[in-house]
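Working notes for the structure below.
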Amino acid sequence: MSADGDVIVRPARPSDASAVTDLVHDAYRHYVTRIGRQPAPMSVDYVQAIADGIVWVVDVDDQVGGVIVLEDATDHVLIDNVAVRPTLQGRGVGSLLLEFAEQHARARGVGELRLYTNERMTENLAYYARRGYTEVDRRTEAGFRRVFFKRRCRSADRRAARRRARRSFHGCDRTYRALRRHRQSPRPTANVDAAAPRRTRPKVEGRRYRSVIDRC
């Protein structure tokens, strides 16, 4: 935590390797019995991962409180692992790390995040779904039954929405201009008796035009 109380995600340093390894083991230890073996993150060489520059940590109370491992691809960022110290779970550290992953992706001009978790880690399935991740696949990989998720970065969603809005606006504008040209073009004069009952007068199409514009 910084002096002003802000929690900061930073690149892991070589001196963090032991703390990162211990944190990951503490976070995943209770899954060993459930899935029948150590989860994959417990077998990672974090000395090498830190040297590769793919590990970030968040410090809480002067110790490593959370870890995230991010792997960059051409069209997405893979969240290979996110873990929070058990005593800090439920305090928003995991959400902070996921938000950092999104900022990381946006900074690289990438609009999609991907991640996976073990099928038997049912609480993780619900956790990611609540945060906007969509399940896209289930398959066995490296001997683990895994569930794969993805989600669009929020800024990318907003850009797509703006593009849709512009297309809708231009489409409606073209419709409006076409209708105006049609209404301003010369029309044959209808012989209408002003004294005739209202029901015998020709129908006016302007209402239909207005309804088309209103639907835009």
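The values are calculated or read from the model by the stated rules, or taken from the named source; none is laboratory data. Please read these numbers as outputs of a predicted model, since none were measured by experiment. Cβ: placed from backbone, ideal geometry, glycine included. Neighbour counts: every protein chain shown.
Summary of computed values
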quantity: Tally, over the stretch 125-139, of residues that are surrounded by fewer than 19 Cβ atoms within 10 Å (Cβ to Cβ), touching a strand residue (DSSP E or B) at 6+ places or on another chain (Cβ under 7 Å) and either assigned to a loop (DSSP other than H, G, I, E, B) or not acidic (Asp, Glu) (or both); calculated: 6
quantity: Qualifying positions in the stretch 129-181 - modelled with pLDDT of 80 or more and either of a type in the set (Asp, Glu) or in contact with a Pro (Cβ under 9 Å, 6 or more places away or on another chain) (or both); calculated: Glu135, Asp137, Glu141, Phe144
quantity: Residues that are crowded, with 18+ Cβ neighbours inside 10 Å, out of contact with any Asp or Glu (no Cβ under 9 Å at 6 or more places or on another chain), of a type outside the set (A, V, I, L, M) and within 26 Å of Val60 (Cβ to Cβ), drawn from the stretch 94-124; calculated: Gly94, Phe100, Glu102, Thr117, Asn118, Asn124
quantity: Long-range neighbours under 6 Å by Cβ, at least six apart or interchain, first residue surrounded by fewer than 14 Cβ atoms within 10 Å (Cβ to Cβ) within the stretch 80-93, second of a type outside the set (A, V, I, L, M, F, W, C); calculated: Pro86/Asp26
quantity: Test result for Gly53, assigned to a loop (DSSP other than H, G, I, E, B), at positive phi and touching a residue at least 40 places away in the same chain (Cβ under 8 Å); calculated: yes
quantity: Residues of the stretch 13-44 satisfying the condition of being in a helix (DSSP H, G or I), closer than 14 Å to Ala142 by Cα and touching a residue at least 40 places away in the same chain (Cβ under 8 Å); calculated: Ile35, Ala40, Pro41
